[in-house]
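Below is one structure, written out as structure tokens, with a few remarks after it.
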Amino acid sequence: MKYKLLLLFVFLLYATNSQSQEYLQMIEAETFTVQEIIDNAEAYFANRDKGKGSGYYNFKRWEYSANRLKNEDGYLPTVAEQLAEIENFNAYLNNNPENGQMMNDNWQELGPDYFNQTASWSPGVGRITSVAIDAGNNNHMIVGANTGGVWRTTDGGANWTPVGDYFSNLDVYSVAIDPNNSSTYFFGSISGLIYKSTDSGATWNQIADLSNSQINKILIDPSNSNKMFACSQNTGFYRTTDGGASWNQITSDIRAYDIEFKPGDLSVVYATGNGFQRSTDGGATFTTVGGFSTGAKMMGVSADDASVVYVLEASGSSFAGLYKSTNSGVSFTQLNHAGRNYFTCDANGTSSGGQAPRDMDIAVNPNDVDEVHIAGCNTWRSLDAGVSFTLSSIWLIDTAAATNIGYCHADVDIMEFVSNGTLYVGTDGGIFKATNTGTLNSNYYTDLTDGLGIRQFYKIGVSQTPDVIVTGGSQDNGSSFYTLAGGWKDWIGADGMEGFVDKDNSSIMYGMIQYGAMYRTNNAGTSIINLPEPPPGQGEWVSPFEQDPTVTNTVYCAYRRVYKSTTQGTGWVSISQDFGGNLDHLKIAPSNNQVMYVANGGLMYKTTDGGTTNWVQTTNPGGTVNSIAIHPTNPNKVAVAVNGGNHVFVTNDGGTTWQNYGLNLPNFTALSVIWDDNGHDGLYLGMNYGLFYID
């Protein structure tokens, strides 16, 4: 069945890191509250590194989204429940067209669908989780984006087209092209879902619901397209021999990361999860090969010597070892890489950290079995059969240029060779390729991401001057800004969060990264200024950051307190009491800058004197507050978007009483609300499926 989607505005991240981390299995079980999962994750990371590459950032991304999407009982709606609600809403619109008028607003994609570095240290477009190349035509490829659906190119990446753009499920973790029919595509999603298209992605049908876990690989038998394998990451391996009508679990391993045929011999199949499994009957049965630990494993084979198998192994989220077999996987020898951690982000590969198995892969040149590539945060290359490795790219673009090695965005999800020796790499910033893998230089990788509209924005800010300028902060790809004349430019790295364009000078912009670290540019991104943080100096994962609507050079940020700067963020003064926890939201009344509202969870507070006296708690509107909007001319008229079944509340008396504005809204999650200064009390609501309006 094909589902119809109005607009997709927000993403839900099912990040994965290590099978030893219980909270990851709790997420997939769909039987725990969001708070129970958060408590488990925080306990896991309590005495561990929380920096880049540790997996903690992946958890915080999930936590931010989950807290916004949870229902009134504290649980996340299941995928099945969300898809069913979309069907119910579409049926409602079909049966009651007068109650759901469609507004012909002519939306056009603004992007960014390319990167254009100014001051950013790690520019990219969006996260690519999977790639499939047509065996008969290397210019024909499809890629999967974490929450951006499936995209197709027929000219080697020069142009991309979204396939199934109005499909409701855009969470893609694996893609495959039928080797016997290049117009037949597959993609694996979350919750064990597999979809199939027989018309090059124009329409899709669900063919499997295998588990609660993501499907991170689909392997098709090139001699028989009805025979396929699927890796359900945290439940194991599945096989079908009837084109997906029925599936059987084929190993006892409860983890599934990779599966490969022996080149030239389809009777031999290798599978890696917690262990290494080998089949000699085409994947009907498997035996376990010993000699490994129980960490996540990926593997590489080469047509140059079909008897060789390489296995890359993790320990938790870090590199554990590289193994080699010369007898088709019957036995393995571990290569000596003591003291190395190739999954970390440092150029020496010796520090701690890593994000395995989310960011972990291996690929072997099909024309040279001794050329082995592995990746975690960066990419590494060996020309001596894995004995030694050289850094082939680094995630810092200026460092890559200065050291004459390739730039490839951080955090590699997938590496794939094709028969001509071209290596494709899918990362958190897009898809890259290397055509001359034997020679390392600054042009080692070519970015193929131009044209892919897959950016995952947290927040956007729009110029208050006549200039058409938009700045936005996004997951993994920092903050970018758009001008009508110049298109997009990337000016901050990391995870971009809140940001805005100065109300008086559109060359001045402000932006945040995770935990409330702040930046400013005075010259449209040519250079950036790192702004000091008020003590204690760390806010929420996505912290509030606002500009005064009337006073020049005055900005505000919120951590446990609200802080004010009259010097463009170079110095801060507290203007509130300590609220006992980091604040999620701060808004200033456009018509009276002395009136402000903040929220933390379901609690709201306000000041009517600019914070001269303690802020006063308002009546709880109901539910966790996801967004606050203050009316453009009435500081006491406030709308809030809340999670759960009520969606929207409006107060006309500054928070003393609230009116439920749920009305005819579907049972989606209300995420963002804003008033239109149109004289008709126009109110826009962004939900996880669709944009809605009332006046």
The convex hull of the Cα atoms of region 217-355, divided by residue count, gives a volume in Å³ per residue of 112
With only helices counted (DSSP H, runs n ≥ 4, each -39500 (n - 2.57)), the per-residue ellipticity at 222 nm for the chain, to the nearest 500, works out to -2500 deg cm²/dmol
Here the net charge surrounding G124, from other residues whose Cβ is less than 11 Å away from its Cβ (Lys, Arg +1; Asp, Glu -1), is -3
The chain accessible area per residue, 1.4 Å probe, protein heavy atoms, integer Å², reads 36
With +1 on the Cβ of every Lys and Arg and -1 on the Cβ of every Asp and Glu, the dipole magnitude of region 112-196 about its Cα centre, in debye rounded to the nearest 20, is 120
The answer for the longest stretch of the chain without any exposed trypsin sites (Lys or Arg not before Pro) (DSSP loop, at most 15 further Cβ atoms within 10 Å) is 51-695
Projected convex hull area of region 491-640, Cα atoms, direction-averaged, in nm², equals 8.2
In whole angstrom, the spacing between the Cα centers of region 284-349 and region 485-562 equals 44
All alpha-carbon distances of region 98-199, grouped into 10 Å bins from 0, give the whole-percent distribution 13, 40, 28, 15, 3, 0
For D676, the residues 5 or more places away or on another chain with a placed amide H closer than 5 Å to its own amide H are G682, L683, Y684
Between the modelled labels at T31 and T552 (7 Å from Cα along Cα→Cβ) the distance in nm is 6.3
Taking a crude spin-label model, label points 7 Å out from Cα along the C-beta direction, the D467 to D73 distance in nm is 5.1
Convex hull around the C-alpha positions of region 589-695: the volume in Å³ per residue is 82
Per principal axis, largest first, the Cα atoms of region 654-695 extend in Å by 27, 25, 17
Taking the reciprocal of mean 1/r across every pair of different Cα atoms in region 405-548, the Kirkwood radius in Å is 16.7
By the rule of no other cysteine beta carbon under 4.7 Å, the lone cysteines of the chain are C231, C408, C557
In vacuo Debye sum over C-alpha of region 368-434, base-10 log of normalised intensity I(q)/I(0) at q = 0.15, 0.19, 0.21, 0.26 Å⁻¹, listed in q order, is -0.45, -0.71, -0.86, -1.19
Using alpha-carbon coordinates alone, the radius of gyration and Dmax of region 315-457 in Å work out to 14.7, 48
Normalised per residue, the volume inside the convex hull of the alpha-carbon atoms of the chain in Å³ amounts to 146
Which of K52/K489; K50/K70; K489/K637 exceed 28 Å between C-alpha atoms? The answer is K489/K637
Distance in Å, no decimals, from the C-alpha centre of region 600-665 to the one of region 400-460 is 45
As a percent rounded to 5, the proportion of antiparallel DSSP bridges among beta bridges in region 256-410 is 95
In debye to the nearest 20, the charge dipole size for the chain, taken about the Cα centre with +1 at each Lys and Arg Cβ and -1 at each Asp and Glu Cβ, equals 720
By accessible area (1.4 Å), largest first, I207, I394 order as I207, I394
Diffusion coefficient in µm²/s returned for region 145-195 by Stokes-Einstein, Kirkwood Rh over C-alpha pairs, 10 °C and 1.306 mPa s, is 137
Carbon plus sulfur, as percent of the 1.4 Å-probe accessible area of the chain, comes to 46
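The values are calculated or read from the model by the stated rules, or taken from the named source; none is laboratory data. Remember, it's a predicted structure, so these values are computed and weren't measured experimentally. Glycine gets a Cβ as well: all are built from the backbone with ideal geometry, and neighbour counts include every protein chain shown. Quick note on the areas: whole protein, heavy atoms, side chains included, nothing else; ligands and nucleic acids left out. Shrake-Rupley method; radii C 1.70, N 1.55, O 1.52, S 1.80 Å.
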